[in-house]
Each structure stands twice: as C-alpha cells, then as structure tokens.
Amino acid sequence: MGYVVAVVVGLVLSQVATLITTVYLHRVLSHKSIRLHPAVTVFMRFATWMLTSISPREWVAVHRKHHNFSDVEGDPHSPHIEGYWQIMIGNVYYYRREANNDNTLEKYASDLPFDRLDTLLLRRGTLGFSLTGVILVLLMGIGPGLVALATLAVVYLLLNAAINGAGHTFGYKSFENDATNLKLLALITFGEGLHNNHHARPASAKLAAFKGEIDPAWPVIRLLEKLKLAEVLTKVDEGWEDHRRRIPHTRVSPLGATTVKE
Ligand SMILES: [Zn+2]
Ligand SMILES: [Zn+2]
C-alpha cells in the first residue's frame, strides 16, 4: 500500500512540476505573457528548484533558441534533425548540451541574470531536488520516499520529452508550423500539448485556440488573476484569427504521411 501511495504522490508532484513549468518557466519568463505577484514568483522559484532542479535562466535560453530555430539547424532539440526516439529518450542530453553553452545563455536570457538568491542557493539544482527527496523519505519512509521521488523525476522528464518529441511529430495542425497539437498530451501537460497553437502564437498566455481544445493551466491562471496574484499581459481569445489557419485540419500519421481531415 505504501508503494501505491508513493507512486500517486510522485504522479501528483510531477503534475505540480509540469504546471509550474508551463506557467512560470514558459509563459511568465520565456514569453512574458503573464506577470506574477512577487510573492508568487518567490514560491515559483523555490518550487522549480525543489521539484525540477532546473535553472530558469538556462531553461528560458534553450526554449527561446528552440523558437528561433524550430526544426531547422540550430534547434536544440528537434526530432526532425536528431530523430524522434533520440528526443523521446535523450531529451535531457540535448537540453543540457544547449544549457551548457554560455553563448546561448548570454544571447537568449540576458534579461534573466542570476541574482543573489540564485548564487547562494537556487543555482544548486541538485540540492533542491535532494531536499525534496529527504522530505519524502522523512514523511514516507526510505523505500516509498525514493519511489515517489523517482516517479516524479521519470514522469516529469517523459512529459517534457513528449512535448519536444511527439509535439513536433504526431497530431493535428491548425497553423503552418512544424509543431503539432495533441489534445490528450495537453490534458496531462497543462496545455503544453497544444504545441502547434503555441508555435503559431508564442505570446498567447492561453494555449487553447479553438473549440474542443483544453488548456488546463488556463483556469489556474485566471484564478490567480482573480486573486490579484497574476496579470495576463497579452490578448488570448482574440488574435488567433490574425494567424488564421492557412492549412485545413491536418493530421500527421505515425508513418509521417499527412492527411487532410476537413
Ligand atoms: Zn516546439
Ligand atoms: Zn514557447
């Protein structure tokens, strides 16, 4: 029973980490489509440190470079260049390869210099994630605690790999870019699976564009806004028509053939 609970705890934490990634690292920092209350920012910084061990400056730089070179030479993690399974399995390797490039950080994240809190603590990502492990072990015992931690790590990494790999390979396209929309993936990645929409309009704080698409992070963002803890800075519902679908509803099959559905 303890191990079942441990897996559930790991799954819940991986969802919290994914929510923080899409709201804070992606929509707030990378694309500046939302502004957060300073207290929420501090919470997000510590939660990012403890649940993902990611350096926001590195994540933002790699992600912005991905937008700049989507699926052409220079893209840090393109399944079309590196191969689908290479990204699905080795996403962390491709991420680290780019994150270790000082030129990339300087060029793409100069607006996010390390501050004193980063220097003293948050740059030590392994420490944050280890602290989460210690807390889980103290609360659940050594075996279940480590299982919860491993579940968090594996599921979080797989979801991120799926966005970069499957989200540029399978699914339907509403807009003319190399990314794809996967509604099911969007449900378990707080909207990130609507990746074709995102590449069409990176500045939109909401990733769902058309009827039937669900961005589960959006109600959370709206709630934060109602509580005066966040402010959406870009248009969300209007604006998609400016990027009017230039291609009809298409679906990319696993074999790579594109079929027109409507
Ligand atoms: Zn992408
Ligand atoms: Zn983006």
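The values are calculated or read from the model by the stated rules, or taken from the named source; none is laboratory data. As the structure is a prediction and not an experimental result, all values here were calculated from the model. Using ideal geometry, Cβ is built from the backbone for each residue, glycine included, and neighbour counts are taken over all protein chains shown.
Odds and ends about this structure:
- Test result for residue 117, more than 16 Å from ligand 1 (Cβ to nearest atom), of a type in the set (A, V, I, L, M, F, W, C) and more than 24 Å from residue 35 (Cβ to Cβ): no
- The requirement of being within 16 Å of ligand 2 (Cβ to nearest atom), surrounded by 20 or more Cβ atoms within 10 Å (Cβ to Cβ) and among the basic types (Lys, Arg) is fulfilled somewhere in the range 201-208, by at least one residue.
- Pairs where the first residue, in the range 24-43, is touching a residue at least 24 places away in the same chain (Cβ under 8 Å) and the second is of a type in the set (A, V, I, L, M) and within 16 Å of ligand 1 (Cβ to nearest atom), C-beta under 7 Å, 6+ apart: 25/60; 29/60; 30/60; 31/203; 33/203
- Scope the range 115-126; condition assigned to a loop (DSSP other than H, G, I, E, B) and either of a type in the set (A, V, I, L, M) or touching a residue at least 40 places away in the same chain (Cβ under 8 Å) (or both); matching residues: 123
- Every residue from the range 60-86 that is in contact (Cβ under 8 Å) with a residue 24 or more places away in the chain, of a type in the set (S, T, N, Q) and more than 12 Å from ligand 2 (Cβ to nearest atom): 78
Conditions (1) surrounded by fewer than 18 Cβ atoms within 10 Å (Cβ to Cβ); (2) more than 16 Å from ligand 1 (Cβ to nearest atom); (3) farther than 25 Å from residue 150 by Cβ, marked per residue:
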residue: 23; (1), (2), (3): no, yes, no
residue: 39; (1), (2), (3): yes, yes, yes
residue: 58; (1), (2), (3): no, yes, no
residue: 69; (1), (2), (3): yes, no, yes
residue: 80; (1), (2), (3): yes, no, yes
residue: 87; (1), (2), (3): no, no, no
residue: 96; (1), (2), (3): yes, yes, no
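- For residue 130, the test of being in a helix (DSSP H, G or I), without any contact (Cβ under 8 Å) to a residue 40 or more places away in the chain and either hydroxyl-bearing (Ser, Thr, Tyr) or in contact with a strand residue (DSSP E or B) (Cβ under 8 Å, 6 or more places away or on another chain) (or both) is passed.
- Where a residue in the range 175-186 is closer than 10 Å to residue 197 by Cα and its partner, wherever it lies, is among the hydrophobic types (A, V, I, L, M, F, W, C) and modelled with pLDDT under 90, with Cβ under 9 Å and at least six apart: 175/240; 175/247; 176/247; 180/252
- Selection within the range 150-191 - within 16 Å of ligand 2 (Cβ to nearest atom) and within 13 Å of residue 17 (Cα to Cα): 159, 160, 189, 190
- Residue 153 vs. criteria among the hydrophobic types (A, V, I, L, M, F, W, C), assigned to a helix (DSSP H, G or I) and closer than 15 Å to residue 59 by Cβ: no
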